[in-house]
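So the structure is just underneath, and the comments pick up after that.
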Amino acid sequence: MLQTGENKEELEKLLNHYLTAEQELKKIAAELRLNPIEFKIITRLGLEGITTPENAIIMTELSHDSETSQSHASRVLEKFRKEGLIGVALRESERRCRWVYLSEKGQDLYQRTLELLEQQNKEKET
């Protein structure tokens, strides 16, 4: 389907905004020494306030939302666990599943992400 001139301009503007935002997020991830998948996982947990064993999220859901394989997500989460960025909860009803949440150290990293994003926004305004 062909776009009218106005719709095409709107689409181009939206796409440009998306690409700019993606570049800014990549800069933040690089400054935090996180690859894109690691960044997605930390921000997902932080945005949703997943910070306690009681509101932990199942690992398979994180792999799906992060657009990565379950094995890759498992490696990232194991790295995060060793670095103290996440906690792992086990539930009696689902022993084979791992439930993850941000630890205090992970929450600090997420907070740093927000600070860097705010700093970028201020720099764009000036």
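Every read-out reported here was derived from the displayed coordinates using simple, explicitly stated rules and does not represent laboratory data. All values reported here derive from a predicted model rather than from experimental measurement. Using ideal geometry, Cβ is built from the backbone for each residue, glycine included, and neighbour counts are taken over all protein chains shown.
Of note:
- Selection of first residues in segment 110-126 that are within 24 Å of Ile86 (Cα to Cα) and of second residues that are of a type in the set (Asp, Glu), restricted to Cβ pairs under 8 Å at least 6 apart or on distinct chains, gives the following pairs, ordered by first then second residue: Leu116/Glu31; Leu117/Glu24.
- Checking each residue in segment 35-46 for being under 11 Å from Thr113 (Cα atoms) and among the aliphatic types (A, V, I, L, M) picks out only Ile42.
- Only one entry of Arg81, Arg75, Arg98 meets the criterion of being over 12 Å from Gly46 (Cα atoms) and loosely packed, with under 14 Cβ neighbours inside 10 Å, and that entry is Arg75.
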